[in-house]
Amino acid sequence: MIWLNTAAAHASTFMPPQGTEIASQYDKLYGFIVIASLISCVLVIGGLVMFALKYKRKSENDKTAYITHDTRLEFAWSFIPFLIFMVVFVWGTYIYLELRTVPKNAFEVHVFGQKWNWDFMYKSGKKSTNEMVVPVNTPIKLIITSRDVLHSFYIPAFRVKQDAVPGRYTKLWFNADKVGDFQVFCAEYCGTNHSRMLAKVKVVSKDDFEKWLQDNPYKDLASADVGQKVYNAKCIACHQLVPEASTSIAPSFLGLFGKTRQFADSTSAQADENYIRESILNSKAKIVKRVSGEAFPPIMPAFAGALSEEELVGLIEYLKTLKE
Amino acid sequence: MSASHAEGKNYLNCEKGLWSWLTTLDHKRIGIMYMITVMVFFAVGGTFAMLIRGELYSAGRNIVGPETYNQFMTFHGAIMVFMVIIPGIPAFLGNFFLPMHLGAKDVAFPRVNLLSWYCLIVGAAISLVSLIYNGVDTGWTFYTPYSIETNNGTTWMVAGAFVMGFSSILTGLNFIVTTHKLRAPGMTFFNMPLFVWALYSTAVLQVLATPVLGITLMLLIAERVLGVGIFDPTLGGDPVLFQHFFWFYSHPAVYIMILPAMGIVSEIITAFSRKVIFGYKAIAFSSVGIAVVSFFVWGHHMFTSGQSEAAGILFSFITMLVGVPTAIKVFNWVATLYKGSVRFDSPMLFALGFLFLFTIGGVTGIMLATAGLDIHFHDTYFVVAHFHYVMVGGTLMAIMGGFYYWLPKMFGRMYNEFWARITFVLIFVGFNVTFFPQFILGAMGMPRRYYDYLPEFQSLNRISSFGAWTIGTGFLIALFVIIHSIRRGEKATSNPWGAKTLEWTTSSPPPHENFLETPVVTGGPYEFR
């Protein structure tokens, strides 16, 4: 089976790094199918090219053979592919079950998809956004759901993916065997900023993980600094700190606080604490117009329930510090 | 009619004026109207494809913002699926040649045939109303609950797809009845060309599967307009139910797209290797087999949706079974070349190109059918590459091949062989340059429907964009080749390729009711002895 390992190594040149043991098993199967596919393609396409050239028409009076069928040959080329498919099926099912069967006593993390962030909640009450910290060499079970539309939690390095479905919990597990940062994508189309719904899995040593769990990220921080952290985690994908342009998909936060806002229904209001609070928690209540006069698309999700009072106050205070 | 035949009249010039076309009951004229319609939609859908590749040329913003990009991607998908590939072969080439292959004067229900064209036009018009309401950004799959809450013209697009579904159902119904009832004397089922077998299998799928899509889309409209709560979780509905309904149609729909293409390839390969097809019955029955099994594989689109492991394993297994009849067809086509007399005119080049690309599409299909592997590949560019290899590398290559093959019959004119071969080279090479890198992108983990991507994906995306523009150039030249051929091409004889099926026994272009005398069939369709 040495050739298989070599093949797998070559196939995985184009694969993401292997962050789990299952990922290397996965790449072996993938390598096997790639090789089997290459052989079949060479046989079929090679035969095609060879016959086409060898039996090229020489004159318009060419006689051709009259061969209608060959039962034994046809049985062979139906049955042999069938056998190969069954090998692939059984092997693939084995890996599928490995990927889907969560070990008992796995460490559990709740995952919430929300346009366009990933929120993580640990049993200790610790929360994080777009950065999931987990201990190395520990089976981790994710209990996934969505607060709005479908999303899909995808970690290429672990070869795992699971849709986040509103109204139900889905599961995914992995056991990372390397310390490091691994990319997370949203793989189920979820609207405007689907491609920016990115996160990281940060695999750390068990000691570092315990320390991180105890750590209160907002401890001893000024309100505005808490707000800045929340902004960087949850708002930055749409609300950027540059002057608003015609291509902006959401209002800029620069100088927003205190400004008079023009709304799509032709009313206006000053951006005070109450306005900011309402816009975060119930974003569709007032839709702002662009500089050009048309309304921004009402795409912002409502954050009611997704932010603590401390974070909300922090955001308001942070906005006050942003001058044009 | 016999008087007009004597004066050299054919179906194109026996009546004149736009009105005579819009009210025609002639299956050939309706086929030509479908041809024009599909070509217009293809130009629109293709333009969206070029714009998509323009936006993806570099990471970050290139030409449009994410909302516009998502509309490009939705319109590209919806137009290409519902308005180009599904009607492309059955309603255009099938309408023209199925009755002729059977030795019939027309389809069984000519008025219904015309109605089906109007369904397509009305449905397409309704879809385009969505543009007035900020377009559609759901993707062609309309997954709930995003498609329920997104604030734009989704309702119109969905309603349009609903109406277009009737076009597909009526065409299918017509083909089934025509095949059963209007065969010429001596035309037994096993004397029928394989194109007819393929269209027949397709027609069964169209009639049985499309109503499920219709119901699903109606429910989605009810959900959006009335808030009935079948799919919306906030009202107690289940968004995954929508996926089950949707793929129960849309997986068979994949075979609605590919089976007729396989039929065309069977015709071209025998004609240009001047040899009886190898394994006629195996190819005919594998079409039927694929059609039947295709109803039971929809769950392979949903390995990561949260469906149970038992369902995942079952769907993986049944999907593997589709591979067997598909492989049989490919082997039979290759075997047909053996000891033949092969000519490399453009139709044959496209048919051989089909075999090359479809084989790659097939083996990557097996990778995706493997439940364990699909978890990683699902919703990445690997899937995008796979289905383009099948839909474009397969179906579109076959449409182009069939177009060149039958152009002399349809218009009585030959096309320019040199330029037609140039279009083949550009489309074939451009296609591989576009989509092969996408397999690698997908394996690396780049998800599909991404407006923006990480920097490490840029070089492969760039190659892909250059490939796409090469394909675009190829199709643009093909358009000129076709127009030039229709207007100025050399006169075609009644059988320029020396093929054996019935359409080549009548004049080019054919007379109003196809054959001056009803043909009497005495043998199989590929009797090259």
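When only residues in segment B:452-504 that are of a type in the set (Gly, Ala, Ser) and within 14 Å of chain A (Cβ to nearest Cβ) count, which is nearest to the chain's Cα centre (by Cα)? Looking at the filtered set, the residue picked out is B:Ala499. Each residue in segment B:323-382 was checked for being within 8 Å of chain A (Cβ to nearest Cβ) and outside any helix (DSSP H, G or I), and 11 pass.
With respect to the conditions (1) surrounded by fewer than 17 Cβ atoms within 10 Å (Cβ to Cβ); (2) within 30 Å of A:Phe153 (Cβ to Cβ); (3) touching a residue at least 12 places away in the same chain (Cβ under 8 Å), B:Ser459 falls short on a single one, namely (3).
Entry remark, segment A:215-270: residues being farther than 30 Å from B:Asn62 by Cβ and in a loop (DSSP other than H, G, I, E, B) number 14 in total. Using the structure shown, decide if A:Gly125 is at the interface with chain B (Cβ under 9 Å from one of its Cβ atoms), of a type in the set (Gly, Ala, Ser) and either surrounded by fewer than 18 Cβ atoms within 10 Å (Cβ to Cβ) or assigned to a loop (DSSP other than H, G, I, E, B) (or both). Criteria not met by A:Gly125.
So, in segment A:238-250, of the ones that are of a type outside the set (D, E, K, R), out of contact with any helix residue (DSSP H, G or I) (no Cβ under 9 Å at 6 or more places or on another chain) and crowded, with 17+ Cβ neighbours inside 10 Å, which residue ends up modelled with the highest pLDDT? Only one residue tops the list, namely A:Gln240. When the criteria are applied in full, A:Leu319 meets the requirement of being within 30 Å of the chain's Cα centre (by Cα) and in a helix (DSSP H, G or I). None of B:Ile269, B:Ile277 is out of contact with any Lys or Arg (no Cβ under 6 Å at 6 or more places or on another chain), assigned to a loop (DSSP other than H, G, I, E, B) and within 23 Å of A:Ile80 (Cβ to Cβ) except B:Ile277. Of the residues screened, B:Arg462 is one that is under 30 Å from A:Met197 (Cβ atoms) and either outside any helix (DSSP H, G or I) or not hydroxyl-bearing (Ser, Thr, Tyr) (or both). Considering only segment B:299-314, state which residues are surrounded by fewer than 22 Cβ atoms within 10 Å (Cβ to Cβ) and not aliphatic (A, V, I, L, M). Passing the criteria: B:Gly306, B:Gln307, B:Ser308, B:Glu309. For A:Arg72, the requirement of being out of contact with any strand residue (DSSP E or B) (no Cβ under 8 Å at 6 or more places or on another chain) and either loosely packed, with under 12 Cβ neighbours inside 10 Å or outside the structural domain of A:Phe174 (by TED's automatic domain parsing) (or both) is met. Of the candidates B:Leu114, B:Leu131, B:Leu98, the single residue that is farther than 22 Å from B:Met257 by Cα and out of contact with any Cys (no Cβ under 6 Å at 6 or more places or on another chain) is B:Leu131.
Looking across segment A:177-197 at every residue that is surrounded by fewer than 22 Cβ atoms within 10 Å (Cβ to Cβ) and among the acidic types (Asp, Glu), the one that is nearest to the other protein chains (Cβ to nearest Cβ) is identified as A:Asp181. Restricting B:Ile264, B:Ile269 to those that are crowded, with 21+ Cβ neighbours inside 10 Å, over 30 Å from A:Arg147 (Cβ atoms) and away from every other protein chain (no Cβ under 14 Å) reduces the list to B:Ile264. For segment A:60-75, the condition of being in a helix (DSSP H, G or I), at the interface with chain B (Cβ under 7 Å from one of its Cβ atoms) and acidic (Asp, Glu) holds for at least one residue.
The values are calculated or read from the model by the stated rules, or taken from the named source; none is laboratory data. Since the model is a prediction, treat every value here as computed from it, not as a measurement. Neighbour counts run over all protein chains shown; Cβ positions are idealised from the backbone, glycine included.
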